[in-house]
Structure formats: structure tokens, C-alpha cells
1. Please work out the average accessible area per residue across the chain, using the 1.4 Å probe convention, and give it in Å².
2. Return the carbon/sulfur percentage of the accessible area of the chain, one whole number, probe 1.4 Å, all protein chains in place.
3. Less than 18 Å apart at the alpha-carbon level, and either on another chain or at least 8 residues along: which lysines does that give for K131?
4. How far apart, in nanometres, would the label points at E16 and K161 be if each is projected 7 angstrom from Cα along the Cα-to-Cβ direction?
5. Can you tell me the relative contact order of the chain? Whole percent, Cα pairs under 8 Å, sequence separation 6 or more.
6. Explain nothing, just the number: relative contact order of the stretch 43-93, from Cα pairs under 8 Å at least 6 residues apart, as a whole percent.
7. Can you give me the convex hull volume of the Cα atoms of the stretch 1-132, divided per residue and expressed in Å³?
8. Roughly how many debye, to the nearest 20, is the charge dipole of the stretch 54-203 about its Cα centre, given +1 on each Lys and Arg Cβ, -1 on each Asp and Glu Cβ, and no other charges?
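The values are calculated or read from the model by the stated rules, or taken from the named source; none is laboratory data. Not measured: the values here are computed from a predicted model. Here the Cβ is made from the backbone with ideal geometry for all residues, glycine too, and neighbour counts use every protein chain on show. Side chains are part of the model used for accessible areas, which takes the heavy atoms of the whole protein and leaves out ligands, DNA and RNA. Shrake-Rupley method; radii C 1.70, N 1.55, O 1.52, S 1.80 Å.
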Amino acid sequence: MKDTLKHRGMRNKLAELLSAKGIQDSKVLDAIKTIPRHLFLDSSFEDHAYQDKAFPIGAEQTISQPYTVAFQTELLNLKPNDSVLEIGTGSGYQTAVLLHLRAKVYTIERQRELFKKTKLFFSKMNYRPKKVIFGDGYKGLPEEAPFDGIIVTAGAPEVPKPLMSQLKVGGRLVIPVGVEEQIMTLFTRKSEKEFEKQELGSFRFVPLLENKN
């Protein structure tokens, strides 16, 4: 599969749509314009790659809607070289957006089939996260903590404590919290003991499962 001028045109339209929906960060919009989302999907979905929709990617998982990816990324408020922990690698599209923003990305996936497929895809596409890990995202990644940002791409019934503890002071955790429907929640670590919490509207994600590998 190639990346053509037509694909680029579709990406520009998608970025315009996301901008109209309220995404303001120019670096995030630039990532949407640049990253060939169609390559992260099954070729049968190629025609739909630049619609603002979620799609199945196998192992009962989905690639998030572009608006959701952009919204979560914007909330992280990243600077170049910030270290980011991503829970739920999935197809790798969100990872690619974070890499485009020049973050150092550590990403964890609990579905073995997806983990293998995406890891291979990254090396083929020359995407270079710091680490791609097969494991339980609930536990975070204590050996690489603390992080400037943590992004969770699956719905969590509650906020995993290890993730809170692995944030730097000043760091941000973006996580969809809830069972049937999730509330996008932003935690900013104000001090060792203090977190500021903001709730930012409802979304739908596949569930984040604990101890399931």
C-alpha cells in the first residue's frame, strides 16, 4: 500500500474537520495531516481511513476515531523529548502521532496478536518508540517512570493507582473512565500528594482489562 497525493488530500480535509470540531494545537493537526492512517488499517477499510470514525483492527480492538486521538494528544500538552507512557498500542496510530510530536514513547499492548503485528509494522515504517512492550498496562512501567505524560487508549472502570504514582509533578494523565460510556478525564500532578482532576465529556472505548494477557 502506498501513500498518494489523494491520501494527502484526504488527510488535509480530515485535519480541517478536526479543527472545526475544536482541535486547536497546530502540531497535533500537523500530525493528522502527515501520518498515513490508511496504512494502520486493514486494506479493506482503506477508503474509510480518513473519515472521523473508529474501526476494528483485530483481537476485538479498534483504532480510535481521529478526533479522539487528536483530543487526547492535545490534552497531554507535550513538548519535544517529553517521556510518554501509552497504555494500549493497538494499531500504533496514536503512537505515531506522539512520535510526530517528538515525544519519547513507551507503549504497552496486552493482546499478543496486535503486539506482534504492530511491532513489525513500526520497524517497517521506521517509527521508533523507545520501547514496545507486551504486558499489563494497569501496572504502568515503573522502571521507566516518572513520565511527563500518560495516555490510556481504553476505557478504565477506575483509575489505576500505579499510573497516578508514575507521573512527574507537573505531568498529565489522560484516561477515559467508566464502564458503558467513559468520561475523558485529565489528571495533572500538582505535588507529590496532590492531583487536579478535570472531566472533559463522554467517549466510547473498548475496555481496559486487568491481568488479561
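1. On the way: 10490 Å² over 213 residues.
Accessible area per residue, the chain: 49 Å².
2. C and S fraction of accessible area: 49 percent.
3. Straight-distance partners of K131: K104, K116, K117, K119, K139.
4. Going by the 7 Å Cα→Cβ label model, 5.1 nm.
5. In percent, rounded to a whole number, it is 15.
6. Working: 26 pairs, mean separation 16.1, N = 51.
That works out to 32 percent.
7. Working: hull volume 12.8 nm³, N = 132.
So the per-residue hull volume is 97 Å³.
8. Numbers: 20 positive and 17 negative charges, 143 e Å.
Dipole magnitude for the stretch 54-203 comes out near 680 debye.
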